[in-house]
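The values are calculated or read from the model by the stated rules, or taken from the named source; none is laboratory data. The structure displayed is predicted, hence computed values, not measured ones. Virtual Cβ from ideal backbone geometry, glycine too; neighbours counted across all protein chains shown. These area figures cover heavy atoms from the full protein model, side chains too; ligands, DNA and RNA do not enter into them. Shrake-Rupley method; radii C 1.70, N 1.55, O 1.52, S 1.80 Å.
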Amino acid sequence: MTFSIAARDPETDAVGVAVHSKFIAVGAVVPFVSADAGAVATQSFANVAYGPDGLDLLREGHDAAEVVERLTDADEEDPRRQVGVVGLDGEPAAFTGAECFDVAGDLQGEHYTVQGNILENEETLTAMADAFEDGEGGLPERLIAALHAGNEAGGDSRGEQSAALYVAKPEGGYDGKNDRWVDVRVDDHDAPIDELERVFKLYDVTLLSREEPDDPRELAGERARAVSEVLADLGFLDGSPSATFDEAERAALEDFRGMNNFENHSLAVVEDALARGWDDADGEGEVRMVDAIWHGLRHYART
């Protein structure tokens, strides 16, 4: 009832798993990642021991194919299992047991493996692979793009329920104190991949760092008026919104920044992001503010 992708980004040394299923809280079962080992996705009557055991084997120096072989050879129920593994060398491997429910299979490419069971069709896997290979942005965006593409191509034949994205990077966690770079889950939702992407954008704006712009833009004209209207509607700004963005408006934006825990980005960076991202953003009110900041920050590489 699940399709997933495990992958590595050689440019950032990040490894991750993205997964969707007609299963409650799939993020609690399928993805296992560690910056000092690699990524494991275990599914189809999931043997969750494959996660920590597989990461340990990767740390010991076994390649992904050896890890898959050792995990499945030691499991009497391996015909029902499915697992995908990517090591720090980027080489992928996977296993789909003969007793997994159709449609089931896996597919590997450079630095990634996709796998699924109880799928609507085989195109789900090829669509995921194509989307990951052709995707723009960093590893998290490409993993989410793969989920969207798989779902649109057919996806889980039983429907949708939960999704998760888990990415590890050396010192990528909160305040650099661990490797948990991105860890977001949607446990029960009618459109879990869409909701996962929304939550990831908020996570990205709040917790992940970007390079600083050399020459930050200031809000002006209709963008300034639109942002001021939202700030006024949210109670941060008194007075009538205008096409200028001056001291009062910046004070309101600073309050908005603090209320939403966007301390990773200075006030000037938030204003720059709004100026760059407003026209590409979706939604209304605070939703559009956050989406605009996310679109604007995409102009700068993550650090």
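The Cα trace of region 80-170 gives Rg and Dmax of 12.9, 38 Å, the first to one decimal, the second as a whole number. With the simple spin-label model, which puts each label point 7 Å out from Cα in the Cβ direction, the THR126 to GLU212 separation comes to 4.9 nm.
Ranked from largest to smallest solvent-accessible area, with a 1.4 Å probe on the protein heavy atoms, HIS189, HIS111, HIS299 come out as HIS299, HIS189, HIS111.
For a straight C-alpha distance cut-off of 23 angstrom, the lysines reachable from LYS169 (same-chain residues fewer than eight places away being disregarded) are LYS177, LYS201. Structural size metrics of region 1-125, computed from C-alpha coordinates, are Rg and Dmax of 12.9, 38 Å. For the pair ARG59 and ASP175, the difference between a 0.36 nm per residue extended length and the Cα-Cα distance amounts to 39.3 nm.
Restricting things to Cα coordinates, could you compute the convex hull volume per residue of region 209-251 in Å³? Intermediate results must be reported in sequence, preceding the final value.
On the way: hull volume 4.0 nm³, N = 43.
So the per-residue Cα hull volume is 93 Å³.
For the peptides 235-243, 50-58, 195-203, residues were scored by their other Cβ atoms within 10 Å and the scores averaged per peptide; the highest-first order is 50-58, 195-203, 235-243. Here the gap between ASP255 and ASP187, fully extended at 0.36 nm per residue and compared with their Cα-Cα distance, gives a gain of 21.3 nm.
With the other protein chains left in place, how much accessible area per residue, in square angstrom, belongs to the chain at a 1.4 angstrom probe?
Details: 13510 Å² over 303 residues.
Dividing the accessible area of the chain by its residue count gives 45 Å².
The distance between label points at ASP282 and GLU263 comes to 3.2 nm (points 7 Å beyond Cα on the Cα→Cβ vector). Once the Cα atoms are used to define both axes, helix 123-134 deviates from the longest principal axis of the chain by about 50 degrees.
Expressed as a whole percent, how much of the Cα-Cα distance distribution for the chain exceeds 36 Å? So the portion of pairs separated by more than 36 Å is 24 percent. Is region 58-114 rounded, prolate or oblate when judged by the Cα gyration tensor, a ≥ b ≥ c being the square roots of its eigenvalues, rounded requiring a/c under 1.5 and prolate requiring a/b larger than b/c? Because a/c hits 1.5 or more and a/b fails to exceed b/c, region 58-114 counts as oblate. Oblate is the label for region 20-94. Its Cα gyration tensor axes, ordered a ≥ b ≥ c, give a/c of at least 1.5 and b/c at or above a/b.
Helix-only arithmetic for the chain: the sum of -39500 (n - 2.57) across DSSP H runs with n ≥ 4, divided by the residue total, places the mean residue ellipticity at 222 nm at -11500 deg cm²/dmol. Annotation: GLU69 carries an accessible surface of approximately 110 Å², with a 1.4 Å probe and no ligand, DNA or RNA atoms counted. The alpha-carbon atoms of region 145-300, seen along their principal axes, cover 52, 34, 25 angstrom, with the largest extent given first. Rg and Dmax of region 249-296, based on Cα coordinates, read 9.7, 24 Å. Taken as Cα centroids, region 58-99 and region 222-294 sit 48 Å apart, rounded to the nearest whole angstrom.
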